[in-house]
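Below is one structure, written out as structure tokens; the observations come after it.
The values are calculated or read from the model by the stated rules, or taken from the named source; none is laboratory data. Note that the structure is a prediction, hence the values are computed from the model and not measured. Cβ coordinates were reconstructed from backbone atoms using ideal geometry, including for glycine residues, and neighbour counts include every protein chain displayed. The accessibility values were calculated without ligands, DNA or RNA, using every heavy atom of the protein model including side chains. Shrake-Rupley method; radii C 1.70, N 1.55, O 1.52, S 1.80 Å.
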Amino acid sequence: MHSHSASLTLYRRILDNRWIPAATSGVLLGLSFPCNPEQPLAIFFQPAWAHAALVPLLVSLREGNFWQGFRAGLLTGFMQTMIALYWIGHTQG
């Protein structure tokens, strides 16, 4: 019974974590940028992701103070930038 309660506690901690929705928003925003069509993962880069990308971030901002929201937004922007920055190198010739 101990392992069941430990796994339930871990599951609850993951759901309560504010960083997972913020990181998910950043990944979805990054995937909404176009990519090189020859890239093997090009099927995942779709502009439609932008329509739903901010929902996880906004859900994570329901509770908390200004600084927690600031850090969540910073993480979202960082994740989006790291995923979407590659195309700058492809367009600079």
Practice prompt. State yes or no: is Pro34 of a type outside the set (Gly, Ala, Ser), free of Cβ contacts under 8 Å to residues at least 12 places away in the same chain and open to solvent by 60 Å² or more (accessible area, probe 1.4 Å)?
Written response: no
Item to complete: Tally the residues that are open to solvent by 80 Å² or more (accessible area, probe 1.4 Å) and among the aromatic types (Phe, Trp, Tyr), restricting the search to region 37-46.
Response: 1
Fill in: Residues (closer than 24 Å to Ile88 by Cα and charged (D, E, K, R)) located in region 25-77
Glu38
Practice prompt. Would you tally the residues in region 47-81 being in contact with a helix residue (DSSP H, G or I) (Cβ under 7 Å, 6 or more places away or on another chain) and either open to solvent by 60 Å² or more (accessible area, probe 1.4 Å) or more than 14 Å from Trp19 (Cβ to Cβ) (or both)?
Written response: 9
